[in-house]
Structure formats: C-alpha cells, structure tokens
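Rule-based calculations on the coordinates, nothing more; no lab input. Note that the structure is a prediction, hence the values are computed from the model and not measured. Virtual Cβ from ideal backbone geometry, glycine too; neighbours counted across all protein chains shown.
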Amino acid sequence: MFLEKDRNSSVRSGWIEVICGSMFSGKTEELIRRLNRARIAKQKVEVFKPSIDTRYDVNDVVSHDAKKASSIVVENASEILFYAQDFEVVGIDEAQFFGNELVSVCNQLANDGKRVLVSGLDMDYRGLPFGPIPKLMAIAEYVTKVHAICIRCGDLANYSHRTIDNNKLVVLGEMELYEPLCRKCFNLVKNNSEQ
C-alpha cells in the first residue's frame, strides 16, 4: 500500500547535481548549458547567484567566455527557497560563497521535487575544501568535476592559485589574481612560498 501511494504521488522526484572544479575550468559554462537544455525541454528554470559576486555583471550569471544567464541575486541561501517555489529546475552559481545553510536549502528543494544544479569551487586558494561544496558533493546524486589547464605546464589543473599576497579567504578576481595549476605546480609554488 505504501509503495503504491508513493508511485502515484503528484510530487516528482528531485535531485542535486554539483558541478565543481578550479577557477577557469568551465563550471559556470556547464551550468548555463544544462539550464539551457532544461529550457529547451520547456521546464520552468531559474538561476541564483550570491550578491558578493559582481565580477562580470551585477545581475547576470556570466562565464569566463561571456556566456550569460539572467539570474536572481540573493544575499543568503534561504532566499532561494522563497523565489524558487514555482520552478522545476533551480540553478545556483558560485555556491562556495553561500554558507553551510545552502546544504539544507538544496536538500529541501530536491525533496520538493526540483532538479537542483549547483556550481562552485570545491577548493579555496590554499587547496582546502571550500564552503558548502564538499557537503553538497556528499549528498548529491550527480557530481561533475571539471578541470582547467595548468598555466605553467599544460597538465589538467584543479587548483586555483592566488598570485598576490593576501590571506583573506574571499578575494574576488580573475586572471590578474588567480591562475589554474596542476597538483605538481601548485605544490612547487606552495613550497617555494613557505621557504
């Protein structure tokens, strides 16, 4: 009886997809691609970004190669629940800038039958897990790790090396402040700076 009721439930099954990697790896581009495919399928789609991310545009989600998606800018993760009620697919860009509250927000959205697409850095400039992304990776049904190309040797890069001396966790910037590095080059730079 219980299984039969679940099969006939009007709430469709939701899930979480995480797209993560270093800077310049194509995370936002992949998020926009997936959102566009959902729009082609005539699904109701909305994308959110944190107010802290003003690098390319104050309102739009923009990839490094200038692909754009209009978005709703929010101060905190709980606002997403309010705005996302009428949508089937919810995109969240630069998720590392939200607190751990984002994990419960994504869980609630998925439990409500929504497809939740989350894009963000999995490691900070020190090579340590960043914000809510590791927890989201643990609960997600799908995880895609994308890679940049190491600016120094050409191997696959999964580290975002900060090129300026600043110990703040969040420093917004692009190629003028960060470079994608592979494990070997990142460790070489890190070891040289500690000497």
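Remarks
- The chain: relative contact order as a whole-number percent, Cα under 8 Å and 6+ apart: 28
- This model, with +1 at the C-beta of Lys and Arg and -1 at the C-beta of Asp and Glu, gives region 10-146 a dipole about its Cα centre of some 480 debye.
- Estimated purely from DSSP H runs of n ≥ 4, each contributing -39500 (n - 2.57), the mean residue ellipticity at 222 nm for the chain is -8000 deg cm²/dmol once divided by its residues.
- Positive-end residue of W15, V103, L169, charge dipole of the chain with Cβ unit charges: W15
- Antiparallel bridge percentage (DSSP; both residues within the chain; nearest 5): 30
- Computing Rg/Rh (Cα atoms, Kirkwood Rh) for the structure here picks out one of (i) 1.05; (ii) 1.02; (iii) 1.11, namely (ii).
- Partners for K168 among lysines (Cα-Cα distance below 27 Å; same-chain residues under 8 apart left out): K27, K49, K135, K145, K184, K190
- Extension gain, S70 back to E141 (0.36 nm per residue minus Cα-Cα distance, nm): 23.0 nm
- FRET efficiency, I52 to S104 (Cβ-Cβ, R0 22 Å, nearest 0.05): 0.65
- Assuming charge only on the beta carbon of Lys and Arg (+1) and of Asp and Glu (-1), the dipole of region 123-171 about its Cα centre is about 100 debye to the nearest 20.
- Descending by average beta-carbon neighbour count within 10 Å, the peptides 116-123, 96-103, 185-192 line up as 116-123, 96-103, 185-192, the highest first.
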